[in-house]
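Taking it in order: structure first as C-alpha cells, then the write-up.
The values are calculated or read from the model by the stated rules, or taken from the named source; none is laboratory data. Just so it is clear, the model here is predicted, and its values are computed rather than measured. Cβ: placed from backbone, ideal geometry, glycine included. Neighbour counts: every protein chain shown. Calculation scope for accessible area: heavy atoms of the full protein, side chains included, ligands and nucleic acids excluded. Shrake-Rupley method; radii C 1.70, N 1.55, O 1.52, S 1.80 Å.
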Amino acid sequence: MKYNSRPDASERIHLHTGDGSETPSQEDEVRAYQRQERKHDKGVSILVILAVVLFFLLLASLLLVVPYQEFRFSPAWVFEHIQQRFRQLYLLLFGSGSAFAVTVYQYLAVIVVGAALAACGAIFQGAFKNVLAGPSTMGVMSGGSLGCLIYMLLFVPAEAEVIYTTFDYSAYLENQATASLWSTYQQQICTLIGCFAGVGLVLLVATIAGRGRLSASAMILSGTVFSSITSQCSMMIQYYMIIKNPNDQRIELIQELMMGTFDNVTSLQYLLMMAVPILICLAVLLALSGRLNLFSLDEDEAMTMGVNLRPLRYVIIAIGTILTAVVVSFCGRIGFLGFMIPLVGRKLVGPDMRRLLPASLMLGSILLILVFDAAYITGLTGYLSLFTSSIGSIVMLATLFIRKGGVSYGAAQKPTAPGMGLR
C-alpha cells in the first residue's frame, strides 16, 4: 500500500497557477520535510530524557526511600543508609540474596505495571478515538474485581491473614518450597477468569447494541454500566461478610486489592509470572506501533483504501485485555493511569503512535514509581489508587497549563507521510 509521499496539507504552501490549480514548489516541499524532521528529532529527544529520568528515579528510590518513621534528619545516617543499600544491592546482584530483594522485586513490578496500564490506555484511546476509552471502560478491571470477590467469598477463610507489612524472608522461602501452583496462584486464576468474562460480556453487549458492528460509544457505555454493577456487587459482598462476621479479615484484603497493592510481590517467581506476559504483549504493541496510526482513519475511509481495521482492532482489544487482566490478577485495581498518561504523552510527543506508545510506557512507570514512593514513605502501600488519583490529577493539570492545546485524533495522526502506519 502506498500513501501520498508529500507532507500534510497543513504544512504545505501552495502556489496558484494560471488555471486556478495549486502546485507546491520544491522549496516548500523541502521546508515541510525539515519541519517533519525537527518534530521527529524533538520526539526522540523527549524519549531519551524520559528513559534517563526513569533510570535515575529507580536508583534513587532503591537507595533513599524509607518509611517516614525510620528516617533520620542526619547526613551521617543518610550516608550510612545509602552504603547499606549499596551493599544489599551488590549481594543481590551476585546471588547472595537478602531481604532487600523483596524491595527490588516490588519496584520492578511497579515499572512493569505502570507501563502496562499506560499502554492499555494509549492503544484503547487510539483504537476507538475516544479519550474515555481505557482499561476500566472495557470491563476488564471490573470483571477481575468481581472474580476476585467471588474467590474471597468461596475459597478464603474468614480468619485469613491479610497484612503484608511485616515480611519474614526465611519463612517465606520455607513455605514456598512446599506450595503448589494452585495454592499459590488460585486468586490470580480466578481473577483472570473474571477479567476475560467481563470483557467478553461488554463486547457482546456492544456488538448487539451496534447491530453487528463494534460501536465505541456502545462499548464505553456498556463498560461503564458493568463497572457500576460490579461496584454494587462488591458492596453487597462486603456487607454480607460484615453481617455474618464483623471481624472478618477478608474485608481488609478486599479493600487492599480494590485499591491496588504490590505487597504480595515477594519473590522472583511471582515477579516473572506477572512480568513475562506483560513484556511479551508490550513487545508486540511496539512492533505494531506504526500500524496503530491507521486508526486515525474512519472505518469506511480505510475500506476504500483497502485496509480492514476490524481484525487489528480485535487484536488490540485482546492484547489490552491480557495486559489489564494480568495487572488486576497480581496487583489489584490501580486506576487513573490508563486514562491520564496517554493524554500527557500526546502533549509531549504528539499523536504518532510510534513515539506516543514508548513515551506512555516510560511516563506510566515514572508516575507509578512516584506513587509507590509516596505510599512506601507513608506506610500505605496497600492503597495505591488513593495516590494515583491525587498525584495523577496534579500532573495532568500541570501538563495542561504548561502546554496549551487539545487532544487530537485527526489529521495529525493520519498516515499521509511516507510509510507512516506501515513501519
Picked from segment 71-91 (must be open to solvent by 100 Å² or more (accessible area, probe 1.4 Å) and of a type in the set (A, V, I, L, M, F, W, C)), the residue farthest from Leu58 (Cα to Cα) is Phe73
Inside segment 101-140, can you point out the residues that are at pLDDT below 85 and open to solvent by 10 Å² or more (accessible area, probe 1.4 Å)? Phe128, Lys129, Asn130, Val131, Leu132, Ser136, Thr137
Return the pair list, or none, for Cβ contacts closer than 6 Å from residues in segment 364-378 that are within 16 Å of Val104 (Cα to Cα) to residues that are open to solvent by 10 Å² or more (accessible area, probe 1.4 Å) and of a type in the set (Ser, Thr, Tyr), at least 6 apart or on different chains. Ala375/Thr381; Ile377/Tyr68
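Kindly establish whether Pro342 is open to solvent by less than 20 Å² (accessible area, probe 1.4 Å) and either part of a helix (DSSP H, G or I) or touching a helix residue (DSSP H, G or I) at 6+ places or on another chain (Cβ under 9 Å) (or both).
When the stated conditions are applied, Pro342 passes them.
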Among all residue pairs at least 6 apart or on different chains, which show Cβ distances below 6 Å where the first residue, located in segment 52-74, is at pLDDT below 85 and the second is among the β-branched types (Val, Ile, Thr)? Tyr68/Ile377
May I ask you to verify whether Leu279 is in a helix (DSSP H, G or I), open to solvent by 70 Å² or more (accessible area, probe 1.4 Å), closer than 24 Å to Val112 by Cβ and in contact (Cβ under 8 Å) with a residue 24 or more places away in the chain? yes
If you check Arg31 against the conditions, is it modelled with pLDDT of 60 or more and loosely packed, with under 12 Cβ neighbours inside 10 Å? no
